[in-house]
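For reference, the structure is listed below as structure tokens.
What follows is calculated from the coordinates using simple rules that are stated; it is not laboratory data. Computed from a prediction, not measured in an experiment: that's the story for all the values here. Methodologically, a virtual Cβ is constructed for each residue, glycine included, from the backbone with ideal geometry; neighbour enumeration extends over all protein chains shown.
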Amino acid sequence: MDSTLAAATAPIFTEDPYSPAHLAEPYGLFERMRDAGPVVLLKEHDVLAVTRFDECKEVLEDYRTFISGAGAGPRNLHREPSWRAQGIMESDPPIHTQMRHAIAGV
């Protein structure tokens, strides 16, 4: 996936996935996001959301382009402090690999 192209061509999605209504019942929202495209721009938070399995898999496997060490949500942990210690979701290899091996048997 060309991340620059995705950002430039992503449909703008105006619904807020973090609203209380969507947090309580997200499945209709997820369907609308997938229908809008494989990547959408969440206008409320000015971040891209990847909505479909194949594209999510591609992003998760390309840690050099799509780093997790800056956070796995709308907050950029390189610019803003985290409210908790960073865990496996907010880490990149080799730290992520070490954490994954440590919890793999659990």
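Percent relative contact order of the chain, based on C-alpha pairs within less than 8 angstrom and at least six residues apart?
RCO, the chain: 19 percent.
Positive-end ranking of 8, 18, 85 along the dipole of the chain, with charges on Cβ about the Cα centre, is headed by 85. Relative intensity of region 53-106 on a log10 scale, I(q)/I(0) at q = 0.17, 0.24, 0.26 Å⁻¹, equals -0.58, -1.01, -1.09, per a Debye sum over C-alpha point scatterers of equal strength in the absence of solvent.
Summing Cβ point charges (Lys, Arg +1; Asp, Glu -1) relative to the Cα centre of the chain gives a dipole of roughly 300 debye. With a simple spin-label model that places each label point 7 Å from the Cα along the Cα-to-Cβ direction, the separation between residue 85 and residue 67 comes to 2.2 nm.
Counting trypsin sites (Lys or Arg not before Pro) as exposed when in a DSSP loop with at most 10 other beta carbons within 10 Å, what is the longest stretch of the chain free of them?
1-63
Spacing of the modelled spin labels on residue 99 and residue 45, each 7 Å from Cα toward Cβ, amounts to 1.7 nm. Starting from a Cα-only point model with no solvent, please compute log10 I(q)/I(0) by Debye for the chain at q = 0.12, 0.20, 0.21 1/Å. So the normalised log intensities work out to -0.48, -1.19, -1.25. Mind checking region 2-65 for GluC sites (Glu not before Pro) that DSSP puts in a loop (not H, G, I, E or B) and that have at most 14 other Cβ atoms within 10 Å? Here the sparse-neighbourhood loop sites are 44.
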